[in-house]
Amino acid sequence: MAGPLIPVEEAQARLLAAARPIETRETLPIWDADQRVLADPVVSRITQPPFDASAMDGYAFRRGDVTQIGDALSVTGESAAGRSFAGEVGAGQAVRIFTGAPVPKGADTVLLQEDAVRREGDRIELAFLPDLGRHIRPRGQDFVEGEVVLAEGLLLDPGRLMLAAASNHAAITVYKRPLVGLIATGDELREPGSELGPDQIVASSVFAIAALARRAGADVENFGIVADDPKAIADAVDRAKARGVDVIVTLGGASVGDHDLVQSTLIGLGMRLDFWRIAMRPGKPLMVGALGDIQVLGLPGNPVSSMVCGLLFLEPLVATLARRAPPDRRTAAITETDLAANDHRQDYLRARLHHNDDGRLVVRSYGKQDSSQMKIFANSEALIIRPPNAPAVKAGETCEILVLRAGD
């Protein structure tokens, strides 16, 4: 028996309840660590800055030696980044200094170069009296040796990579990405660029689902197009298991029609089927189960249905396994079109987004919602969520949406 349809929220909760974040760690060169999650804290190996450093180009001097504008100092040397002044600044002296250079011993203030008037005999006069300590970055102002500069569990981004490198780490320890294995099924499917027969179509959803999984934090391996044949499906599953995947995603064949063989084949291979019929449109024939420690997600073969299901189920599953926060796509918007009352299935209507003159988010549903129309999905910035048995909504009222990308 097919059993009742499961509400979307219940299906999501059941799927994620079984998800276990990846424990395996690996050490990567910092060059390759963008968008990885730290498995160990990053502890600085150095102090930054390692010395009192000048924040500006100018002259380092002893503030106590001057009392008024027009006082003069004798310039006795130069301090540049990588070439510090070896001596000590004495009474009535100054050292020409450049941004990032060590402040010479004895000096405690930097005069901006534009506030100095050059005179004959390597002398300068002060056109401004800076406060004591002005334009000096003290040693350790940023961080010190032994300080935890990045905590375990942080997602690495450009700023955090900069800090890890600055604290003198060439490599860092991160959690391994979950590996998602994709298996597309269907006698009718062919690779893009193929010569198509009269009964054949291009396999397109696998590329979209792969991109979605990667953006959520996974590595992806494609196990190819598989015929509607139990042995071919079983062989693809065996190859995925041998590769060590954490998730198997099948595309197509997850229902129970005469040509839908994925579910029965996987059950025959030992899959524990959790559920497979969701009260949603598009995407009702979604399958969720487990093959040992491998989570199995069977997406519909229809490309638009597979993408909607991928956003609702695969994206948060991968993010959970990868120890990342799932994207928060839900928000409210003003509908520009009337929305009809809904039936017992939760609808996801493709729509465009823009901001009105008041800066408020406005959504406009496409008139056609046939799940075969990929071009409409590709041009959509949002999905309007219509809960089960929701009453009609008039234009100008608020509705809930899932944001796909920024609108105009």
Part-to-part distance (alpha-carbon centres) for region 81-103 and region 27-67, which is given in Å
19
Karplus 3J(HN,Hα) series, Hz, for region 68-83 with 6.51 cos²θ - 1.76 cosθ + 1.60 (x for Gly, Pro)
8, 4, x, 4, 10, 10, 9, 7, 10, x, 9, 10, 10, 4, x, 9
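Quick check on the chain: of the DSSP beta bridges with both residues there, what percent are antiparallel, nearest 5%?
Once the DSSP bridges in the chain are tallied, antiparallel ones form about 65 percent.
Take every DSSP beta bridge whose two residues both sit in region 74-201, then give the antiparallel share in percent to the nearest 5.
Of all bridge pairs located within region 74-201, approximately 50 percent are antiparallel.
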Which angle from 0 to 90°, rounded to the nearest 10, does the C-alpha axis of helix 230-243 make with the longest principal axis of the chain?
20
Does anyone have the angle between helix 205-216 and the longest principal axis of the chain? Alpha-carbon axes, 0 to 90°, nearest 10?
40
Between 0 and 90 degrees, rounded to the nearest ten: what's the tilt of helix 8-17 against the longest Cα principal axis of the chain?
60
Per-bin percent of Cα-Cα distances, region 149-206 [5 Å]
4, 13, 17, 11, 6, 6, 7, 9, 11, 9, 5, 2, 0
Can you run phi through the Karplus equation (6.51, -1.76, 1.60; θ = phi - 60°) for region 142-151 and list ³J(HN,Hα) in whole Hz, with x for Gly and Pro?
7, 7, 10, 4, x, 7, 6, 9, 9, 7
Given Lys176/Lys231; Lys231/Lys375; Lys231/Lys284, which pairs have Cα atoms separated by over 29 Å?
Lys176/Lys231; Lys231/Lys375
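If you wrap the chain's Cα atoms in a convex hull and average its projection over all directions, what's the area in nm²?
With the hull built on Cα positions only, its mean projection is 29.2 nm².
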Over 5 Å intervals from 0, what percent of Cα-Cα pairs in region 53-137 sits in each interval?
3, 19, 32, 28, 15, 3, 0
Cα-Cα pairs of region 330-403 separated by more than 16 Å (percent)
44
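Read-outs: derived from the displayed coordinates by stated rules, not from any lab. Please read all numbers here as calculations on a predicted model, not as lab measurements.
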